[in-house]
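What follows is a short report on a single structure.
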Amino acid sequence: MKRSFVLLTILCMLAFTYAHAQQLDLILRNGTVVDGSGSPGVKTDIGITGDRIVFVGPAGKQTAKRTIDATGLIVTPGFIDPHTHTAADLSNPKRAQNAPYLMQGVTTVATGNDGGSPTHIGETLAKWNKQGIGTNAVLFIGQGTVRSEVMGMSDGKPTPAQIDRMKTLVDTAMNEGAIGLSTGLYYAPGSYSSTEEVIELAKVAAAHHGIYDTHMRDESSYNIGLIAAVRETIRIGQEAHLPVMISHIKALGADVWGQSTEVIDIINAARKAGVDVVASQYPYTASGTSVVAALVPRWAEADGKLVQNLHDPALHEKLVAEMTENLHRRGGAETLLMTSSKDKTIIGKTLAQIATERKESPVEAAIEISANGDSSVASFNMKESDIEAFMRQPWVMTCSDGSSGHPRKYGTFPRKIHQYVYQEHIISLETAVHSSTQLTAQTLQLKDRGLLKAGYFADVLVFDPKTYNERATYEEPELLATGVRFLTVNGKLAIDNGELTTVMAGKALGH
Ligand SMILES: [Zn+2]
C-alpha cells in the first residue's frame, strides 16, 4: 500500500515534469539557423522558454504559446556590438529602448569605449536595470575619464600619487562591473598618456580578468603612425597580461593606405606568439569624428584652452601649418562633410563648400568652426581594399562605433551582410554572423550569449535576407534599418513582425 503510493507519487511527478517541459513559450519553425559558431546554416527549429533557448533542432509535435513560421528567413543569435556610444541614450528614458540597434538585430551593446565612460560604473549599471533598457549592455571604464578625474586636461606626466589615484579608480570600476579598460589615445587627454602610464592601469583591469579596448594613438600618420600604434597596443597586452581589442581597425588616409597587409601580419604574428589580440571594424569608407579631433593639433587643446589658443595671433602660423598638414592627411577639404553642429547652416556641407562660401581658406574655416563649438564630420578617408582585407580576418568583429551624424549607428550590421555577403561575396554569411556574435561574446566574456544553443540566453534574431539592409545615409543618417522580422532579447519579443514592441527586456550586465 505504502509502496504503491510512493510509486504513484513518482509517476505523477514525472508526468508533471514532462507536461511542464512541453510548455514552451516560443517555437521558431523552419528557419535557416546560422548558429554563430561559423558552421553552415541548417533548416531547423528553435524552442524558447523564459529567457533561455531550450533546444535547437526539430521541434516535432511540441507546442508553444506562440509559434512563428520562419520559412525563408535567417535565424541567428542577436548581434553583439563591442563599440558604441550608447551610454547617454541608455540613460535617457526616451532613448533607452536603443531602437537604432534593435532594428539592426543587435541585442547587446558595449559602451564606454574610446577612453570615455560614465565615472560611476556600478551606479550606471544599476540605473539602467532599474529604469529599463531595450538591449543588454556592458560598460568599459574609460582611461580618459579616469585621467581627467585626477589630472583634468593637463598634458603633463602624472606623479606617483596621481598614478595610484587612477589605479584606485580603475579598481573600483572593475569591482563595480566594468568589463575592462578602454582608451582613446588619439584623443585628449588619452593622447597625453605614455605607454607606461596606460600599462599601469591596464594591469589593474588584468587583475580582474578584464580586457583592454583601444582607439589607438594613431590610425594614420598623425604622430607615431599606424604600425607603431599597433605595436604599442600589442605591447600593452603583453606587459599588462590581458586580451586586447583594437577598436574600429582601419588605415586612415592616403599616407597609410595599403598598410592593412602589414598590420594583419603583425597581429597574426602576435597571436601566434600567444598574445590575445582581436579587432573590431565598421563597414564604411568614412570615419566619424569632429573638426577639432580631425584637424586641430592636441597641444592646442591642453588645459582646456582650445578657444583661447585658436584665437591667439602668436600661435596662428604654427596652428595653420599643422592643420594644413592634417587636412592633407585626411584627403583634403572635399572629404570632410559636416554632419551635426550647433551652427545648423553648415550641416550637409563639406569643408570645401564652406570655405568657398566664406571666401577663405579651408583651414581658416576649420579654425572658426572649431572655435564656435566644433562640428561632427563624416571623414571619407578609407580604401575599400583595406576594409575588405581586415574584414576577412577571423579575429575581426563587427562594431558600429555609432555616433550622431554617421549612418553606421543605424546601419552597420545589415550593411555588412547586405553589401559584403550578398552583393560582393567578400565573406560568407556564416562568417559575418560569427563576427557579430560568438567572436564578440568571447571577447567581451559574455556568459551564455553569442550562440544559438540549448541553455544559452534567448537573444535571437530572425531576418529576411531579401529586405535586410540599412536605410541610413550620410544625408539622412537616422533612418532605421529594415528586414528584421523578429528579435528576442532575453526571450522577450523586442521586434514582432517587423515592428518594435514596447518591451524593455535588456539587462545591464556586470563583469
Ligand atoms: Zn573611436
(request) Could you please find all residues in the stretch 155-181 being out of contact with any strand residue (DSSP E or B) (no Cβ under 8 Å at 6 or more places or on another chain), open to solvent by less than 30 Å² (accessible area, probe 1.4 Å) and part of a loop (DSSP other than H, G, I, E, B)? (result) Gly156, Pro158
(message) Looking at the stretch 425-444, can you tell me whether even one residue there is among the hydroxyl-bearing types (Ser, Thr, Tyr) and either in contact with a Cys (Cβ under 6 Å, 6 or more places away or on another chain) or free of Cβ contacts under 8 Å to residues at least 12 places away in the same chain (or both)?
(response) yes
(request) Answer yes if at least one residue in the stretch 465-486 is out of contact with any helix residue (DSSP H, G or I) (no Cβ under 9 Å at 6 or more places or on another chain), of a type in the set (A, V, I, L, M, F, W, C) and open to solvent by less than 30 Å² (accessible area, probe 1.4 Å), and no otherwise. (result) yes
(message) Could you go through the stretch 276-296 and let me know if any residue there is closer than 18 Å to Tyr474 by Cα, surrounded by fewer than 17 Cβ atoms within 10 Å (Cβ to Cβ), without any contact (Cβ under 8 Å) to a residue 24 or more places away in the chain and touching a Phe, Trp or Tyr at 6+ places or on another chain (Cβ under 9 Å).
(response) no
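Restricting the search to the stretch 59-107, which residues are crowded, with 19+ Cβ neighbours inside 10 Å, more than 16 Å from the ligand (Cβ to nearest atom) and polar (S, T, N, Q)?
Initial filter on the stretch 59-107 (crowded, with 19+ Cβ neighbours inside 10 Å): 59, 64, 68, 70, 73-87, 89-90, 96-98, 100-107.
Restricting the remaining residues to those that are more than 16 Å from the ligand (Cβ to nearest atom) gives 59, 64, 68, 70, 73-80, 89-90, 96-98, 100-107.
Correct list: Thr76, Gln97, Asn98, Gln104, Thr107.
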(message) Exactly one condition in (1) out of contact with any helix residue (DSSP H, G or I) (no Cβ under 7 Å at 6 or more places or on another chain); (2) open to solvent by 60 Å² or more (accessible area, probe 1.4 Å); (3) not basic (Lys, Arg) is false for His215; which is it?
(response) (2)
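For the stretch 319-422, list the strands (runs of 3 or more DSSP E) that sit wholly inside it and hold at least 1 residues that are touching a helix residue (DSSP H, G or I) at 6+ places or on another chain (Cβ under 9 Å) and within 16 Å of the ligand (Cβ to nearest atom); which are they? Write out each step before concluding.
Values: elements: 336-341, 375-380, 396-398.
Once the strands (runs of 3 or more DSSP E) in the stretch 319-422 are filtered for at least 1 residues that are touching a helix residue (DSSP H, G or I) at 6+ places or on another chain (Cβ under 9 Å) and within 16 Å of the ligand (Cβ to nearest atom), what remains is 375-380, 396-398.
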(request) Pairs only if they're at least six apart or on different chains, beta carbon under 6 angstrom, first in the stretch 73-89 and within 21 Å of Thr482 (Cα to Cα), second within 16 Å of the ligand (Cβ to nearest atom) and among the aliphatic types (A, V, I, L, M); list them, first residue then second. (result) Asp81/Val109; Thr84/Val109; Thr86/Val109
(message) Looking at (1) at positive phi; (2) within 16 Å of the ligand (Cβ to nearest atom); (3) open to solvent by less than 10 Å² (accessible area, probe 1.4 Å), which one does Ala110 not meet, given that it meets all the others?
(response) (1)
(request) Filter the stretch 454-500 for residues that are touching a strand residue (DSSP E or B) at 6+ places or on another chain (Cβ under 8 Å) and modelled with pLDDT under 95 and give the result. (result) Tyr474, Pro477
(message) For the stretch 194-232, which positions are away from the ligand (no atom under 16 Å from the Cβ), assigned to a loop (DSSP other than H, G, I, E, B) and touching a residue at least 24 places away in the same chain (Cβ under 8 Å)?
(response) Ser194, His208, His209, Gly210, Ser221, Gly225
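The values are calculated or read from the model by the stated rules, or taken from the named source; none is laboratory data. Computed from a predicted structure; not experimentally measured. Heads up, the Cβs are rebuilt from the backbone with ideal geometry, glycines too, and the neighbour counts pull from every protein chain shown. Keep in mind that these areas ignore ligands, DNA and RNA; they rest on the heavy atoms of the full protein, side chains included. Shrake-Rupley method; radii C 1.70, N 1.55, O 1.52, S 1.80 Å.
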